[in-house]
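Enquirer: Below you will find the structure I want to go over with you.
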Amino acid sequence: MCALVIDNVRLYFNHMIISITKGSDRDWIKIEREDGSVVETTFPKKGIIPHDAVHFHVERELAMRAGFWGHVAGGTHPEDIQHIVKQAGHASSVRAATPDAHIVELLQAERLVECFEADMWSEPSDYQTLRNVFSAACQSSHIDPPELSDDQIDTIRSSISAFAKQWIAAEIGETFQLHWS
């Protein structure tokens, strides 16, 4: 186990097994952390594949250790992430301000996940258009976007596409395991 400290918040990076079970109106998620703790929750359908699976593919490729899955690996319950982000100054129409440093990667990951979800719902955009949309989304959240290479975009698209093919073909009740480390 290793740790990263951002703004006095310590994030631990353990191996974690993420099990996502396909449902009809919602999907289920079970997280088994290296320390033996287990967290379970559900989430409504939102798009072609589970939103949190897109987070996995994006954050894994970009080694985002302080994104959604890094926080969950460090002990945060997935349902608490939204509250943490709100408390740390996530920019919205009501709270337009620079967010605390410890949530910047969470926000970057969320903005990029939204870009890749939109990419799945239509024809994939060219590299520069995807980067421009990502940059605009980050700007609206008062954060800088990380660099994103053509190879990283291709790898993320390929990874999401492979998962999506299996997910779409899966029967209700089928479980997929993702390994985070």
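The values are calculated or read from the model by the stated rules, or taken from the named source; none is laboratory data. All figures in this text were calculated on a predicted structure; none of them were measured in a lab. A quick note on method: Cβ atoms are made from the backbone with ideal geometry, for glycine too, and the neighbour counts reach across all protein chains shown. The area values use the complete protein model at the heavy-atom level, side chains included, leaving out ligands, DNA and RNA. Shrake-Rupley method; radii C 1.70, N 1.55, O 1.52, S 1.80 Å.
Enquirer: For the stretch 146-155, indicate whether the set of residues that are surrounded by 17 or more Cβ atoms within 10 Å (Cβ to Cβ), within 23 Å of residue 102 (Cβ to Cβ) and in contact with a Lys or Arg (Cβ under 8 Å, 6 or more places away or on another chain) is non-empty.
Expert: yes
Enquirer: For residue 97, work out the one condition from (1) under 30 Å from residue 28 (Cβ atoms); (2) open to solvent by less than 60 Å² (accessible area, probe 1.4 Å) it doesn't fulfil.
Expert: (1)
Enquirer: Can you list residue pairs whose Cβ atoms sit under 8 Å apart, with the first residue in the stretch 75-87 being farther than 17 Å from residue 42 by Cα and the second being hydroxyl-bearing (Ser, Thr, Tyr) and open to solvent by 50 Å² or more (accessible area, probe 1.4 Å)? Count only pairs 6 or more apart in sequence or on different chains.
Expert: Here the result reads 75/12, each pair linking the stretch 75-87 to a residue that is hydroxyl-bearing (Ser, Thr, Tyr) and open to solvent by 50 Å² or more (accessible area, probe 1.4 Å).
Enquirer: Considering (1) under 15 Å from the mean Cα position of the chain (by Cα); (2) surrounded by 11 or more Cβ atoms within 10 Å (Cβ to Cβ), say which one residue 179 fails and leave the rest.
Expert: Status for residue 179: all satisfied but (2).
Enquirer: Additional query: Applying the selection to the stretch 55-86, what residues are among the hydrophobic types (A, V, I, L, M, F, W, C) and either more than 20 Å from residue 114 (Cβ to Cβ) or in contact with a helix residue (DSSP H, G or I) (Cβ under 8 Å, 6 or more places away or on another chain) (or both)?
Expert: 56, 58, 62, 64, 66, 68, 69, 72, 73, 81, 84, 85
Enquirer: Could you give me the residue pairs with C-beta distances under 9 Å whose first residue belongs to the stretch 24-40 and is of a type in the set (S, T, N, Q), whose second residue is open to solvent by 60 Å² or more (accessible area, probe 1.4 Å) and not in a strand (DSSP E or B) wherever it lies, and which are 6+ apart or on separate chains?
Expert: Listed by first residue and then by second, the contacts come to 24/45; 24/172.
Enquirer: Further question: With the checklist (1) touching a residue at least 40 places away in the same chain (Cβ under 8 Å); (2) of a type outside the set (Phe, Trp, Tyr); (3) assigned to a helix (DSSP H, G or I) in hand, flag the one item residue 98 doesn't pass.
Expert: Going through (1) touching a residue at least 40 places away in the same chain (Cβ under 8 Å); (2) of a type outside the set (Phe, Trp, Tyr); (3) assigned to a helix (DSSP H, G or I) one by one, residue 98 breaks only (3).
Enquirer: Same structure again: Quick check on my filter: what residues within the stretch 23-39 are in contact with a Phe, Trp or Tyr (Cβ under 7 Å, 6 or more places away or on another chain) and of a type in the set (D, E, K, R)?
Expert: Those that are in contact with a Phe, Trp or Tyr (Cβ under 7 Å, 6 or more places away or on another chain) and of a type in the set (D, E, K, R): 26, 27.
Enquirer: So residue 117 passes all but one of these: (1) outside any helix (DSSP H, G or I); (2) among the charged types (D, E, K, R); (3) touching a residue at least 24 places away in the same chain (Cβ under 8 Å). Which condition number does it fail?
Expert: Exception for residue 117: condition (1).
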